[in-house]
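The structure appears right after this line, and notes come after that.
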Amino acid sequence: MNASANYTPTKILISSLLRDMDKVRTIKGAIEDIRRQDPATPLTASVLRRWILSGALPAIKSGNKYLINMEVLARFLEGTKT
């Protein structure tokens, strides 16, 4: 059996998602990461939630939590399109 036959597009997608999982945070986790880098940041969980609910900041709803891609958040904060 060919080894590449076991490596389907689905497995490639899953591999890619798992590699990028460390870049996804809940609102609380995103704020914690930002505060570690900048303890004086004025950014709050309420602000992130408001941006998400308004549609300005893309996020994925998982149960009752929102998941934020930190690269998308960084681009959003820099003022570039997500």
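The values are calculated or read from the model by the stated rules, or taken from the named source; none is laboratory data. This structure is a prediction, so every number in the text was calculated from the model and none was measured. Quick reminder, even Gly has a Cβ in these numbers, built from the backbone with ideal geometry, and neighbours come from all protein chains shown.
Met21 fulfils the conditions (1) in a helix (DSSP H, G or I); (2) modelled with pLDDT of 90 or more except for a single criterion, (2). In segment 61-82, the residues that are surrounded by 10 or more Cβ atoms within 10 Å (Cβ to Cβ) and modelled with pLDDT of 90 or more form Cβ pairs under 8 Å with partners that are assigned to a strand (DSSP E or B) and hydrophobic (A, V, I, L, M, F, W, C), at six or more places apart or across chains, as follows: Tyr66/Ile60; Leu67/Val24; Leu67/Ile60; Ile68/Val24; Asn69/Val24; Met70/Val24.
Just one of the listed residues (Arg25, Arg35) is basic (Lys, Arg), surrounded by 10 or more Cβ atoms within 10 Å (Cβ to Cβ) and without any contact (Cβ under 8 Å) to a residue 24 or more places away in the chain, and it is Arg35. Every listed requirement among (1) surrounded by fewer than 10 Cβ atoms within 10 Å (Cβ to Cβ); (2) modelled with pLDDT of 60 or more; (3) assigned to a helix (DSSP H, G or I) is met by Ala5 save one, (2).
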